[in-house]
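Since every read-out is calculated from the coordinates, none of them should be taken as a lab result. Fair warning: this is a prediction, and the values are worked out from it, not measured in the lab. Note that each Cβ is placed from the backbone with ideal geometry, even for glycine, and that neighbours are counted across all protein chains shown.
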Amino acid sequence: MRVHVLPSALVIAAALLLVAPAFAAPPGPPENVTAIDRPDDAGSTIELTWTPSTTSPADAQPVIQYVILRKTGENEFKEIQAIAATESMFNDTGCENGVEYLYSVIAVASDGTRSTPATTETPAIASTQYFDGKRGWFVVILLLITCAIVYFINLARQGHELKIRKITGLEAVNEAVGRATEMGRSCLFIPGILDINDIQTVAGITVLSRVAGLAAEYDATLEVPTSRSLVMTTARETVEAAYLAAGRPDAYREDNIYYLTDEQFGYVAGVTGTMVREKPAACFYMGAFFAESLILAETGNSIGAIQVAGTAMPSQLPFFVAACDYTLIGEEFFAASAYLSGEKHQLGSLKGQDVGKVIGALLLIAGCLLATFSLNSSKATFTRLDENRDGVISQKESSRMSKDEFTEIDQDKNNSLDAEEVSSFKSGTVAESLQSAADYIKDNVLGSNGF
């Protein structure tokens, strides 16, 4: 019986020895696992951080990934994410405000073995932050612009004259209305094709107030076709107020401010028909325009009218610039209200916005300079790193030349000597070469007995 047991035990022991390498030791667990609420967010993210294990066994396989587990309350841990071993941080973005979360991190080796879970000591709670501390610079700029606006408003109230750059297009309004009066023809004002909720339409109505006041003063006819009913109502009230302010309420004609249609090209057809029939001496295009801008401007140009346009639509500005006498471009159009009225609050606000533009320009210049210098320094750094790396590699290569490598060099030298002998052999006569070849074949290939 003992004779049969001993071989069996030896076989089992050998099998265990063969299988034992498959059961490698698990990797060590991650260390310093912490979970905190992510700062300066809406309260839906928790940041989880850890450090790789420093206590992994020597026979443990390398870690290839980390598995993140999470639980709430008395529930079990559930796996939520697996990330690469090169990472040491995870942002859990699916959290709820006021809920406590516990996290565990498990290291997974290349052979599939897992470490013991490393769990956070205290639960993390996501909460909402109403102020983003990373955008403090925005608050500083906002305060600077606000202080500048308040300063210039107070300066204007104290009687100081605020210098505003002359806008030629707005100065030409007087000329255009005066020309229409001299010619005995009407003025045509088009406040764009969008509704009153668009800021460009509001800016156009502001210019309309100025044009209506001049028309009342010069006793010129003003016609305002609109494509929105609310714009028609607003334009009527604006023109009526301008006539009242000029002391000419009797000259106001409500029927001259009328509604055509909401349809874009139907409105354009009606306006161009009016332009061709009545041939107004001055045409004003102030508001939001699209494809109809070129049609209107070219029609006005064909009847010889003086034209003043203003819009903030970048795609339509080239057409107005090409076909109109004066064009208000973007900011000039929106500054028309303060420029024409001379009201202190508006002038102070306009000057404060100019300060904001100066700050923005300075920030752009500073950013470009910083980006340029940092790029150059980065290139210089990478150049130095490449040079150092090449130097280190050359030193290592020279230091690693072993005895075998020197032997290989000697062999290469001998081979070169053999090559010289071969070349000298080839330089001999043809007969000697053939005889030498025959002797070599006889001695080394055929042998003494031939085949």
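List of remarks:
- Glu100 paired with Tyr259, simple spin-label distance in nm, labels 7 Å along Cα-to-beta-carbon: 6.4
- Multiplying the residue separation of Thr55 and Arg248 by 0.36 nm and subtracting their alpha-carbon distance yields 60.0 nm.
- For the peptides 283-290, 35-42, 46-53, 200-207, residues were scored by their other Cβ atoms within 10 Å and the scores averaged per peptide; the highest-first order is 283-290, 200-207, 46-53, 35-42.
- Chain lengthening between Ile365 and Glu331 when straightened (0.36 nm per residue, less Cα-Cα): 10.1 nm
- FRET efficiency for Ala85 and Thr128, using Cβ-Cβ distance with R0 set to 56 Å, rounded to 0.05: 0.95
- Using θ = phi - 60° and Karplus 6.51 cos²θ - 1.76 cosθ + 1.60, couplings along segment 38-49 (whole Hz; Gly, Pro as x): 5, x, 6, 9, 7, x, 10, 9, 10, 8, 10, 10
- Exceeding the 21 Å Cα-Cα cut-off - candidates Lys134/Lys357; Lys166/Lys357; Lys71/Lys134; Lys166/Lys351: Lys134/Lys357; Lys71/Lys134
- Residues in segment 334-351 that a label on Lys163 would reach, taking backbone N under 16 Å of a point 7 Å out along Cα→Cβ: 351
- Between segment 227-284 and segment 307-347, the alpha-carbon centres lie 19 Å apart.
- Ranked by the mean number of other Cβ atoms within 10 Å per residue, highest first, peptides 170-181, 244-255 order as 170-181, 244-255.
- Computed packing ranks the peptides 224-232, 109-117 as 224-232, 109-117, most packed first, by mean other Cβ atoms within 10 Å.
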